[in-house]
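Novice: Please read through the structure below; I'll follow up with questions.
The values are calculated or read from the model by the stated rules, or taken from the named source; none is laboratory data. The structure presented is a predicted model; accordingly, all values stated were derived computationally and were not measured. All Cβ positions, glycine included, derive from the backbone under ideal geometry; neighbour counts span all protein chains shown. Quick note on the areas: whole protein, heavy atoms, side chains included, nothing else; ligands and nucleic acids left out. Shrake-Rupley method; radii C 1.70, N 1.55, O 1.52, S 1.80 Å.
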Amino acid sequence: MSRDILAIADLDAGALEAILDLSTRAELGRPLAGQGVALLFQKPSARTRNSMEMATVQLGGHPVTIHKDEIGLGTRETAEDVARTLACYHSVIAARVADHGLLERMAAAVATPVLNMLSDSDHPLQALADLLTIRQLLGSLAGARIAWVGDANNVCRSLAQGCAKLGAELRVASPEGYGFSTAEADGLGIRQTADPAEAVTGASIVYTDVWVSMGQDCEAEARRAALSAYRVDDALMARAGDAWFLHCLPARRGEEVTDAVMDGPRSAVWRQAENRMHTARGAMAWMMGGES
Ligand code: CP
Ligand code: NVA
């Protein structure tokens, strides 16, 4: 069975721990020597593209970045035929897609491992960096108390799945209609509230993301109105005590987070961004059979 990573939920706790451990290894050898990694983007990216390209180089491989209009995933050619084509040349197929179903179809069509670089529902590569960052900041994930403030989106879902597997406690503060379904929250052991102050009280990590994700521009006005009370500012951080602030980035400064928090002494967003490269390296080393 190929080692796809479409969602954190697909990984068992052992695999998740193995990827985090591989991510911190100084020496991983060159498991991608002479091999290609396809990086297919249907949406823009700064961190994911750059971290994945550099992680590929560090593992001895060659990244080929493909933009939306070049390949026409699902329009010029079916998702299955795109995957079969890329599998002729590459040892890992990574894609950022508007519809998670495209990734599932690609993974089902080829034996080559497929990696989700963000979909409408999940962002597992981000969660790997988040989990590593939290482990570095707090010393351990088990028992860590993490507060998510705002839209319970793709980034939040992947983080929640990772927290559930590694024993961290996640509380989510969202307005009505922007949280997880009760069934999903119960399955992940998440406490949900509408009150940001309640969620952050006692937390060691406060995490937020944009109110309008890529592809949601037509809902922008309604989202900004619904989420306007969920900005992370100094007053909310003070409720948490000495918590660290995390954000997957890009941030809309002044919207979901203030400059003072983003640039403040408890912000770890740049360490988190750097960890995207280390965990991309760990994830691909695992996909190539590392720590098996
Ligand atoms: N956090 C993240 O995935 O950033 P990019 O959209 O810039 O890749
Ligand atoms: N939730 C955001 C994350 C960007 C990295 C989005 O999907 O646009």
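Novice: If you check Leu138, Leu115, Leu131, which single one turns out to be open to solvent by less than 10 Å² (accessible area, probe 1.4 Å) and closer than 30 Å to Asp234 by Cβ?
Specialist: Details: Leu138 fails: open to solvent by less than 10 Å² (accessible area, probe 1.4 Å); Leu115 fails: closer than 30 Å to Asp234 by Cβ.
Result: Leu131 is the single residue among Leu138, Leu115, Leu131 that is open to solvent by less than 10 Å² (accessible area, probe 1.4 Å) and closer than 30 Å to Asp234 by Cβ.
Novice: Next question. Consider only pairs whose beta carbons are under 6 Å apart and that are at least six residues apart or on different chains; among these, list those whose first residue lies in segment 210-231 and is touching a residue at least 12 places away in the same chain (Cβ under 8 Å) and open to solvent by less than 70 Å² (accessible area, probe 1.4 Å) and whose second residue is more than 15 Å from ligand 2 (Cβ to nearest atom) and not in a helix (DSSP H, G or I).
Specialist: Ala226/Pro175
Novice: Count, please, the residues in segment 186-245 that happen to be closer than 26 Å to Asp263 by Cα and either of a type in the set (Asp, Glu) or away from ligand 1 (no atom under 16 Å from the Cβ) (or both). Steps first, please.
Specialist: Our first condition is that a residue be closer than 26 Å to Asp263 by Cα; within segment 186-245, this holds for 195-214, 220, 223-245.
Now restrict to residues that are either of a type in the set (Asp, Glu) or away from ligand 1 (no atom under 16 Å from the Cβ) (or both): 195-206, 209, 220, 223-244.
So the count comes out to 36.
Novice: Return the residues of segment 24-54 that are within 16 Å of ligand 1 (Cβ to nearest atom), farther than 18 Å from Ala83 by Cα and of a type outside the set (Lys, Arg); say none if nothing qualifies.
Specialist: Those that are within 16 Å of ligand 1 (Cβ to nearest atom), farther than 18 Å from Ala83 by Cα and of a type outside the set (Lys, Arg): Pro44, Ser45, Ala46, Thr48, Asn50, Ser51, Met52, Glu53, Met54.
Novice: If you take the residues of segment 19-40 that are open to solvent by less than 10 Å² (accessible area, probe 1.4 Å) and closer than 15 Å to Leu125 by Cα, which of them is farthest from ligand 2 (Cβ to nearest atom)?
Specialist: Leu22
Novice: Go through the residues of segment 82-91 one by one and say whether even a single one is among the basic types (Lys, Arg), open to solvent by 30 Å² or more (accessible area, probe 1.4 Å), in contact with a helix residue (DSSP H, G or I) (Cβ under 8 Å, 6 or more places away or on another chain) and under 19 Å from Val110 (Cβ atoms).
Specialist: At the first step, the residues of segment 82-91 found to be among the basic types (Lys, Arg) are 84.
If we keep only those that are open to solvent by 30 Å² or more (accessible area, probe 1.4 Å) as well, we get 84.
Adding the requirement that they be in contact with a helix residue (DSSP H, G or I) (Cβ under 8 Å, 6 or more places away or on another chain) leaves 84.
From what is left, the residues that are under 19 Å from Val110 (Cβ atoms) are 84.
Among the residues of segment 82-91, at least one is among the basic types (Lys, Arg), open to solvent by 30 Å² or more (accessible area, probe 1.4 Å), in contact with a helix residue (DSSP H, G or I) (Cβ under 8 Å, 6 or more places away or on another chain) and under 19 Å from Val110 (Cβ atoms), which makes the answer yes.
Novice: Hey, another quick one. Considering only segment 1-106, give the helices (runs of 4 or more DSSP H) lying wholly within it that have at least 1 residues that are over 28 Å from Leu249 (Cβ atoms) and not aromatic (Phe, Trp, Tyr). I'd like the intermediate steps shown before the answer.
Specialist: Working: elements: 13-24, 47-58, 68-71, 79-87.
Once the helices (runs of 4 or more DSSP H) in segment 1-106 are filtered for at least 1 residues that are over 28 Å from Leu249 (Cβ atoms) and not aromatic (Phe, Trp, Tyr), what remains is 13-24, 79-87.
Novice: When you scan segment 171-184, do you find a residue that is among the acidic types (Asp, Glu) and assigned to a helix (DSSP H, G or I), even just one? Full working, then the answer.
Specialist: Of all residues in segment 171-184, those among the acidic types (Asp, Glu) come to 176, 184.
After this cut, where a residue has to be assigned to a helix (DSSP H, G or I) as well, the list is 184.
There is at least one residue in segment 171-184 that is among the acidic types (Asp, Glu) and assigned to a helix (DSSP H, G or I).
Novice: In segment 265-289, what count of residues is obtained for those that are open to solvent by 20 Å² or more (accessible area, probe 1.4 Å) and either within 16 Å of ligand 2 (Cβ to nearest atom) or on the phi < 0 side of the Ramachandran plot (or both)? It would help to see each step written out before you state the result.
Specialist: Taking segment 265-289 first, the residues open to solvent by 20 Å² or more (accessible area, probe 1.4 Å) are 265-267, 270-271, 273-274, 277-278, 281, 286, 288-289.
Subset that is either within 16 Å of ligand 2 (Cβ to nearest atom) or on the phi < 0 side of the Ramachandran plot (or both): 265-267, 270-271, 273-274, 277-278, 281, 286, 288.
Matching residues across segment 265-289 total 12.
Novice: Among the numbered criteria (1) open to solvent by 10 Å² or more (accessible area, probe 1.4 Å); (2) over 25 Å from Phe180 (Cα atoms), which single criterion is violated by Asp120?
Specialist: (2)
Novice: Another one. Give Ala152, Ala129, Ala142, Ala160 a once-over and let me know the one that is hydrophobic (A, V, I, L, M, F, W, C), more than 16 Å from ligand 2 (Cβ to nearest atom) and either in a loop (DSSP other than H, G, I, E, B) or modelled with pLDDT of 95 or more (or both). Full working, then the answer.
Specialist: Details: Ala152 fails: more than 16 Å from ligand 2 (Cβ to nearest atom); Ala129 fails: more than 16 Å from ligand 2 (Cβ to nearest atom); Ala160 fails: more than 16 Å from ligand 2 (Cβ to nearest atom).
Sole residue among the options that is hydrophobic (A, V, I, L, M, F, W, C), more than 16 Å from ligand 2 (Cβ to nearest atom) and either in a loop (DSSP other than H, G, I, E, B) or modelled with pLDDT of 95 or more (or both): Ala142.
Novice: Run down Ala79, Ala94, Ala98, Ala7 and say which single residue is over 29 Å from Glu291 (Cβ atoms), of a type in the set (Gly, Ala, Ser) and within 16 Å of ligand 2 (Cβ to nearest atom).
Specialist: Details: Ala79 fails: within 16 Å of ligand 2 (Cβ to nearest atom); Ala94 fails: over 29 Å from Glu291 (Cβ atoms); Ala7 fails: over 29 Å from Glu291 (Cβ atoms).
Going through Ala79, Ala94, Ala98, Ala7 in turn, just one is over 29 Å from Glu291 (Cβ atoms), of a type in the set (Gly, Ala, Ser) and within 16 Å of ligand 2 (Cβ to nearest atom): Ala98.
Novice: Can you give me the ranges of the helices (runs of 4 or more DSSP H) entirely in segment 212-292 with at least 2 residues that are at pLDDT 95 or above and in contact with a Phe, Trp or Tyr (Cβ under 8 Å, 6 or more places away or on another chain)? Steps first, please.
Specialist: Numbers: elements: 220-227, 234-240, 259-262, 269-287.
Qualifying helices (runs of 4 or more DSSP H): 220-227, 259-262.
Novice: Please list, ordered by first then second residue, the pairs with beta carbon atoms under 8 Å, 6 or more apart or interchain, first in segment 55-68 and open to solvent by less than 70 Å² (accessible area, probe 1.4 Å), second of a type in the set (Phe, Trp, Tyr).
Specialist: Going by the 8 Å Cβ cut-off, the qualifying pairs are Val64/Tyr89; Thr65/Phe41; Ile66/Phe41.
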